[in-house]
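I have placed the structure first, in the form of structure tokens, so that the comments after it can refer back to it.
The values are calculated or read from the model by the stated rules, or taken from the named source; none is laboratory data. For clarity, every value in this text was computed on a predicted model and none was experimentally measured. Every residue, glycine among them, receives a Cβ derived from its backbone with ideal geometry; neighbour counts consider all protein chains shown. Ligands, DNA and RNA are excluded from the accessible area calculation, which covers all protein heavy atoms including side chains. Shrake-Rupley method; radii C 1.70, N 1.55, O 1.52, S 1.80 Å.
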Amino acid sequence: MTDVHVQTVLQFMEQHAPKRLAVEGDPIGLQIGSVKKRASKIMITLDVLEPVVDEAVANGVDMIIAHHPLLFRPLKQLNTDTSYGRAVEKLIKHDITVFAAHTNLDVAEGGVNDMMADALGIRDTEALAPVTEEKFKKMVVFVPHDHADAVRNALGQAGAGHIGDYSHCSFSTEGKGAFIPGSGANPYIGTKGRMERPEEERIETIFPASLERKVIRAMLDAHPYEEAAYDIYSLDNPGRTYGLGRIGKLDQSVSLREFTERVKEAFGVNGVRVVGDLDKTITKAAVLGGDGNKYTMHALRQGADVYVTGDLYFHVAHDAWMEGLTMIDPGHHVEQIMKQALAEQLSSWLRDQKSTTEVIVSEINTDPFQFM
């Protein structure tokens, strides 16, 4: 067992929250440091403020994974007399790599918005504000009978053939292949220089385009031929929609007053701002972590009874109020729900990799607001 390279951790993050899911222009990814170094200790945080950096230094942290990017805007200067400048200086001096997963972690399955929806008991969720749609592709591969089941299973394990609640979906037809092994070949079936006509199956299955390399590798590993014959087709089938926020139904209708208490308890806040009639019945709820002002009309159009988001503007709240949409603002900082959840996910993955790398959660409170 050993420490992992930072690059290996980035591979996990790409699987967990792919960069392609991020909103255009979001400065995600490597922020400071090297991907080539090893990381014996990783810290998960919401924000990279100077006290958080001091915490990382004190704990011997090699890598910080943050939700909010440290380098959110292009740098015009780096003044080390400021708290921000000192934070960057300390990160470089102590060789701490910083990586940010922002809107991609919001959008990802099992990401920040799913965490928040689960905490509030919102079920059967859909994306509130679509960002991208997964494209599908089809693989057609020709396999000898005695390996058809093995190839089918390998494709299913790699994520191919997943349609709704069904997995390992495929279609097969029987036929005869034809080939002549060359002088340098080492054929699984047949003799060099002679035409072979083996009994084969044509297996067809679909897969998300993002899994193409994984699906092809799984097929080749399970296929007995030196040179597997296969085709890849692009499809127009609508795939899964990924987006910011979640909207869904509650298991049981409650009043806005009761739901507000649920929000406070779920996110550990002492107070929230509420728009609307506290006696209104809530059945369908929407949630979006961070600043969700510009997605208020998405919640209204999709029939939400309440919209939970942070940083509400006065006039946005006015507009929602007049249209009958109730709103709850628990603040931006409630996205800290990602810290413990991501730490557990990464720790589990590291154990599977037989790694000794430790994952800790920042204990610094980075919420600038207090309720009095």
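Points to keep in mind about this one:
- Taking Cβ atoms as reference points and 15 Å as the exclusive limit, the residues near HIS298 contribute a net charge of -2, counting Lys and Arg as +1 and Asp and Glu as -1.
- At a probe radius of 1.4 angstrom, the accessible area of region 7-99 per residue rounds to 49 square angstrom.
- Dipole magnitude for the chain: computed about the Cα centre from +1 point charges on Lys and Arg Cβ and -1 point charges on Asp and Glu Cβ, it is near 800 debye.
- Here region 322-372 is assigned +1 on the Cβ of each Lys and Arg and -1 on the Cβ of each Asp and Glu. Its dipole about the Cα centre then comes out at about 280 debye.
- Translational D in µm²/s for the chain (Stokes-Einstein at 4 °C, 1.567 mPa s, Kirkwood Rh from C-alpha pairs): 55 µm²/s
- Region 256-372, relative contact order in percent, only Cα pairs under 8 angstrom and at least six apart counted: 25 percent
- Cα-Cα over 30 Å, subset of LYS137/LYS339; LYS176/LYS214; LYS36/LYS294: LYS137/LYS339; LYS36/LYS294
- For GLU14, net neighbour charge (Lys/Arg +1, Asp/Glu -1) across residues whose Cβ lies under 13 Å away: +4
- Positive-end residue, the chain charge dipole about Cα centroid, Cβ charges, pick of HIS162, THR97, PRO198: PRO198
- Inverse of mean 1/r across different Cα pairs in region 170-254, Kirkwood, Å: 17.0 Å
- Applying Stokes-Einstein at 4 °C and 1.567 mPa s to the Kirkwood radius of region 135-192, computed over alpha-carbon pairs, gives a translational diffusion coefficient of 95 µm² s⁻¹.
- Distant-in-sequence amide H partners of LYS41 (H built 1.01 Å from N, under 5 Å): ASP62, MET63, GLU358
- Cα-centre dipole for region 141-258 with unit charges at Cβ (Lys and Arg positive, Asp and Glu negative), debye to 20: 380 debye
- Heavy-atom SASA rank of ILE96, ILE216, ILE232 (probe 1.4 Å, accessible area, largest first): ILE232, ILE216, ILE96
- Here the relative contact order of region 122-242, from alpha carbon pairs under 8 Å that lie six or more residues apart, stands at 44 percent.
- Given a 1.4 Å probe and the protein chains as shown, TRP321 ends up with an accessible area of around 140 Å².
- Size of region 1-51 from its Cα atoms: along the principal axes, largest to smallest, the extents are 38, 30, 17 Å.
- Karplus-derived HN-Hα couplings along region 135-151 (A = 6.51, B = -1.76, C = 1.60, θ = phi - 60°), whole Hz, x at Gly and Pro: 8, 9, 10, 10, 10, 10, 9, 10, 9, x, 3, 6, 10, 4, 5, 5, 5
- For the residues ASP106, ASP149, ASP291, a GNM of the chain with alpha-carbon springs under 10 Å puts the largest fluctuation on ASP149.
- Rounded percent of accessible protein surface that carbon and sulfur make up, the chain, 1.4 Å probe: 48 percent
- Amide H contacts of GLY289 (H built 1.01 Å from N, in plane; Pro and chain starts excluded): GLY245 sit under 5 Å, all sequence-distant by 5 or more or on other chains.
- Region 1-125: equivalent-ellipsoid semi-axes (sqrt of 5 x gyration tensor eigenvalues, Cα, Å): 26, 18, 14
- Sum of side-chain charges, ASP54 neighbourhood, beta-carbon under 14 Å (Lys, Arg +1; Asp, Glu -1): -2
- When only Cα pairs below 8 angstrom with a gap of at least 6 residues are kept, region 1-147 shows a relative contact order of 29 percent.
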